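Student: One structure coming up, written as structure tokens, with questions to follow.
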Amino acid sequence: MSAMFPEISPDPEEKPALIGIAKMAAQGVLLDEGHKVEYHEISNRSVLARCKSTRVPFAWMINPYRGCEFACKYCYARYTHEFMELRDSLDFERKIYVKQHTAWLLRQELKKVKRGEEIAIGSATDPYQPAERRFGVTRAIMEELARHRGLDMGMVTKSDLILRDLDVLQEVSRNNGFMVCVTVTTTGTELARKMEPRAPRPDLRLKALKKLVEAGIYAGVNCSPVLPGITDSPAELEKVVKAAGEVGAKFVHAGGLFLKPCAMSVFMPFLEEHFPKLVPMYKQRYARSAFLPAEYQRSISVIVKKLCEKHGVVSVRKPVASVDEVVRRYGAQQMRLFG
């Protein structure tokens, strides 16, 4: 090439242009800052996301935020920040993205949900994390869901902030199939503080569960993940099930630790600091797969089932929205209106 048009070498430091959700995240406005946490707004084209995994029972997901301040050492959802080109696993708990226009978007999207398809709220973030006090995105979503009938929904949280929305949750529950899973991985306050440093204490979660049940909400305990060598002994599991029974939990679900590479980078340092003797065992168990063997999960399920029977946690089937039931209930109301 002539000197008039010199060849320009690409800059090795130049990054490719951002697209999609990564571009939206980069353009988000900083809304506020807390203790080592930044809150950014993020535009979004959709609130209701189709779930493609065959390992879970739900078809749709709603996550009011991207990221979660609770900073659980085992959290598998850290990978979701990678979609925004945020590769540091700690960004998941330090940079929280607040979704905009969620209620309006959800109203349009609910038309896609077919009868019997379940919606999971909080599958990749806690809907009642501290950001919810400031921004109220979850409240807006639940108020929109309360306008609808005949849906099947489930919510997962570690926060007693859920009690703030007891009125709207009752309305959702009256018109739809609805359940709340309160995550309690251990009843030990010290262990919980190490594993879930910014989440409410286990006793506060259990008190919240008791009030949910008393308010007529179908609610129970999500004892997941179960950590091998840490929380999987029959004695540790019994503490959780016994506590669940004492507050009237309708069920206890338990599942083994799912450890993706993005979570491994945070979980392993936690293990090395607090449970160094378990490091070789974890490296061996998760060397080839993020999942524990099926036999392990079956053994946990058998133990939990027996403990539920012992402590009176009778697994009552979740109420499922029935079109016939909705028609019967509201049809009767209409008949009364007309005498």
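Student: Going by the structure shown, is Glu272 in contact with a helix residue (DSSP H, G or I) (Cβ under 7 Å, 6 or more places away or on another chain), at pLDDT 95 or above, loosely packed, with under 15 Cβ neighbours inside 10 Å and among the acidic types (Asp, Glu)?
Tutor: Taking the combined requirement at face value, the residue satisfies it.
Student: Can you find, within segment 275-301, the residue that is most open to solvent (accessible area, probe 1.4 Å) among those that are touching a residue at least 60 places away in the same chain (Cβ under 8 Å) and in a helix (DSSP H, G or I)?
Tutor: Tyr296
Student: Please note which strands (runs of 3 or more DSSP E) are completely contained in segment 145-240 and include at least 2 residues that are of a type in the set (Ser, Thr, Tyr) and open to solvent by less than 50 Å² (accessible area, probe 1.4 Å).
Tutor: 218-226
Student: Scan segment 162-202 residue by residue and report those that are in contact with a His (Cβ under 9 Å, 6 or more places away or on another chain) and either within 15 Å of Val221 (Cα to Cα) or hydroxyl-bearing (Ser, Thr, Tyr) (or both).
Tutor: Of everything in segment 162-202, just one residue is in contact with a His (Cβ under 9 Å, 6 or more places away or on another chain) and either within 15 Å of Val221 (Cα to Cα) or hydroxyl-bearing (Ser, Thr, Tyr) (or both), namely Cys181.
Student: Still on this model: Do we have any residue at all in segment 251-260 that's surrounded by 15 or more Cβ atoms within 10 Å (Cβ to Cβ), at pLDDT 95 or above and aromatic (Phe, Trp, Tyr)?
Tutor: Yes, segment 251-260 contains a residue that is surrounded by 15 or more Cβ atoms within 10 Å (Cβ to Cβ), at pLDDT 95 or above and aromatic (Phe, Trp, Tyr).
Student: I'm trying to understand the selection: among the residues of segment 241-250, which are farther than 13 Å from Tyr218 by Cβ and either under 20 Å from the mean Cα position of the chain (by Cα) or open to solvent by 20 Å² or more (accessible area, probe 1.4 Å) (or both)?
Tutor: Those that are farther than 13 Å from Tyr218 by Cβ and either under 20 Å from the mean Cα position of the chain (by Cα) or open to solvent by 20 Å² or more (accessible area, probe 1.4 Å) (or both): Lys242, Ala244, Gly245, Glu246, Val247.
Student: So, in segment 196-213, how many residues would count as being more than 17 Å from Gly245 (Cα to Cα) and over 18 Å from the mean Cα position of the chain (by Cα)?
Tutor: Going through segment 196-213 one residue at a time, the tally reaches 0.
Student: Take the conditions at pLDDT 95 or above and under 21 Å from Cys181 (Cβ atoms) and apply them to Leu307. Does it pass?
Tutor: Taking the combined requirement at face value, the residue satisfies it.
Student: Scan Arg193, Arg133, Arg149 and give me the residue that is over 15 Å from the mean Cα position of the chain (by Cα) and free of Cβ contacts under 8 Å to residues at least 12 places away in the same chain.
Tutor: Exactly one of Arg193, Arg133, Arg149 is over 15 Å from the mean Cα position of the chain (by Cα) and free of Cβ contacts under 8 Å to residues at least 12 places away in the same chain, namely Arg193.
The values are calculated or read from the model by the stated rules, or taken from the named source; none is laboratory data. Since we're looking at a predicted model, the values are computed, not measured. Note that we place each Cβ from the backbone using ideal geometry, even for glycine, and neighbour counts take in every protein chain shown. For the accessible areas, the whole protein counts, side chains as well, though only heavy atoms, and no ligand, DNA or RNA atoms are used. Shrake-Rupley method; radii C 1.70, N 1.55, O 1.52, S 1.80 Å.
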